[in-house]
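Asks: Would you mind keeping the following structure in view while I ask a few things?
Nothing in this text is a laboratory measurement; each read-out follows from the coordinates by a stated rule. Keep in mind that what you see is a predicted model, and the values were worked out from it rather than measured. Using ideal geometry, Cβ is built from the backbone for each residue, glycine included, and neighbour counts are taken over all protein chains shown.
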Amino acid sequence: MEKQTLIFDLDDTLIHCNKYFRATINTFISTMQQWFSTLTADEIKEKQLQIDLESIEQHGLHSSRFPESLVSTYKFFCEKQKKEIKETEIEEIRKIGVSVFEIEVQPFPYMYEVLSTLQNEGHELYLFTGGDEENQSRKVVQLELETYFGNRVFIFEHKNTEALQTVLQTIRSNPKQTWMIGNSLKTDIKPAVELGIHAIHIPSELEWSYNQIKLDIDPTGELITLNSLTQVPTLIKQYAKEDKAL
């Protein structure tokens, strides 16, 4: 069996992420509706998402971005409805936003078993994640992922094709034996296809609209969609056997 190079995304591929943001946004909406009785949840949610996505394009995936998107949403509706902007309310909103980065994250079911199986079969495991160093490192340490990835962890605030290319140039793996595994079509799968490596897409049940794009590139490597992380070892094992046979 030929050793494969497996590059994993972290958030919503190995561990839960979006569900924490959904819960936090719901708390924000409830708080806003106490101050703005005429606003609907959809109005608040749509404006926050618009502000958040615009901020990502400019500033990347740094954790400071999210709380400030909530504050900016609050200020927008204050100005729109001619309501006084209060520092106490801004502070309350900012605390809601920051709280999502203090949650003890949970791994997906059988995450440890999947990583152990792949590691024991001799494959090289890497982590390629979007966000800031402090927050993403917190998750890695909390879940003891160094056991599987060691120092092979790459964190980028702008997670895109250029970032993945930097990873590939660093690890110098054979493209025919290299896989990107993730939930995001935008930041995991599209970069992998553009760079000519294999890709495994595992769609998330709760997908962030930022990740939803149309993939209109013809892959030169394998492009496979799986329903669950637990299916990865079987697929890689089968492919590695076929690769050796060739």
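Asks: Mind listing the long-range amide H neighbours of residue 154? Cut-off is under 5 Å, sequence gap 5 or more, other chains count too, H placed in the peptide plane at 1.01 Å from N.
Replies: 127, 128, 129
Asks: What are the residues whose amide H is under 5 Å from the amide H of residue 106, where those residues sit 5 or more places off or on another chain and H is modelled from the backbone?
Replies: 16
Asks: Please list, in order along the range 18-28, the HN-Hα scalar couplings obtained from phi with the Karplus expression 6.51 cos²θ - 1.76 cosθ + 1.60 (θ = phi - 60°), rounded to whole Hz, x for Gly and Pro.
Replies: 4, 5, 6, 5, 4, 5, 5, 5, 5, 5, 4
Asks: Per residue of the range 174-189, what does 6.51 cos²θ - 1.76 cosθ + 1.60 with θ = phi - 60° give for ³J(HN,Hα)? Whole Hz please, x for Gly and Pro, Karplus curve as stated.
Replies: Rounded to whole hertz, the list is 6, x, 6, 10, 10, 10, 9, 10, x, 9, 8, 5, 6, 9, 10, 6.
Asks: Tell me, what is the percent relative contact order of the range 117-246, built from C-alpha pairs under 8 Å that lie six or more residues apart?
Replies: Numbers: 162 pairs, mean separation 23.6, N = 130.
This gives 18 percent for the range 117-246.
Asks: Let me ask you something else. To the nearest 10 degrees, how steep is helix 65-80 against the longest Cα principal axis of the chain, on a 0 to 90 scale?
Replies: It is inclined by approximately 30 degrees.
Asks: For the pairs 47/159; 159/190; 176/241, note any where the Cα-Cα span goes beyond 20 Å.
Replies: Correct reply: 47/159.
Asks: Take the chain, connect every pair of alpha-carbon atoms lying under 10 Å apart with a spring to form a Gaussian network, then pick out the residue of 98, 141, 153 with the largest mean-square fluctuation.
Replies: 141
Asks: Further, regarding this structure: Rounding to the nearest 20 debye, state how big the charge dipole of the chain is about its Cα centre with +1 on each Lys and Arg Cβ and -1 on each Asp and Glu Cβ.
Replies: 140 debye
Asks: Is the shape of the chain best called rounded, prolate or oblate, per the rule: a/c under 1.5 gives rounded, else a/b larger than b/c gives prolate, else oblate, with a ≥ b ≥ c the square roots of the Cα gyration tensor eigenvalues?
Replies: Note, shape of the chain comes out prolate.
Asks: I'd like the distance separating the alpha-carbon centroids of the range 27-97 and the range 141-189, in whole Å.
Replies: Spelled out, the Cα-based centre of one part sits 32 Å from the other.
Asks: Find the relative contact order for the chain and round it to a whole percent, using C-alpha pairs within less than 8 Å whose residues are 6+ positions apart.
Replies: Across the chain, relative contact order equals 27 percent.
Asks: Let me ask you something else. Under the Karplus relation 6.51 cos²θ - 1.76 cosθ + 1.60, θ = phi - 60°, what is the ordered set of whole-Hz ³J(HN,Hα) values for the range 94-109, x standing for Gly and Pro?
Replies: With the stated coefficients, the range 94-109 comes to 4, 5, 4, x, 5, 4, 5, 8, 10, 6, 6, 6, 10, x, 5, x Hz.
Asks: Name the long-range amide H neighbours of residue 101: under 5 Å, sequence gap of 5 or more, or other chain; modelled H, no Pro or chain starts.
Replies: Residues meeting the criterion, in which the H sits 1.01 Å from N, do not exist here.
Asks: According to the square roots a ≥ b ≥ c of the eigenvalues of the Cα gyration tensor, what is the shape class of the range 154-201, taking rounded for a/c under 1.5, prolate for a/b larger than b/c otherwise, and oblate for the remainder? Write out the running numbers ahead of the final one.
Replies: Working: a/c = 1.82, a/b = 1.09, b/c = 1.66.
Because a/c hits 1.5 or more and a/b fails to exceed b/c, the range 154-201 counts as oblate.
Asks: Give me P(r) over the range 40-93, computed from all C-alpha to C-alpha distances, binned every 10 Å, as integer percentages.
Replies: 24, 52, 23, 1
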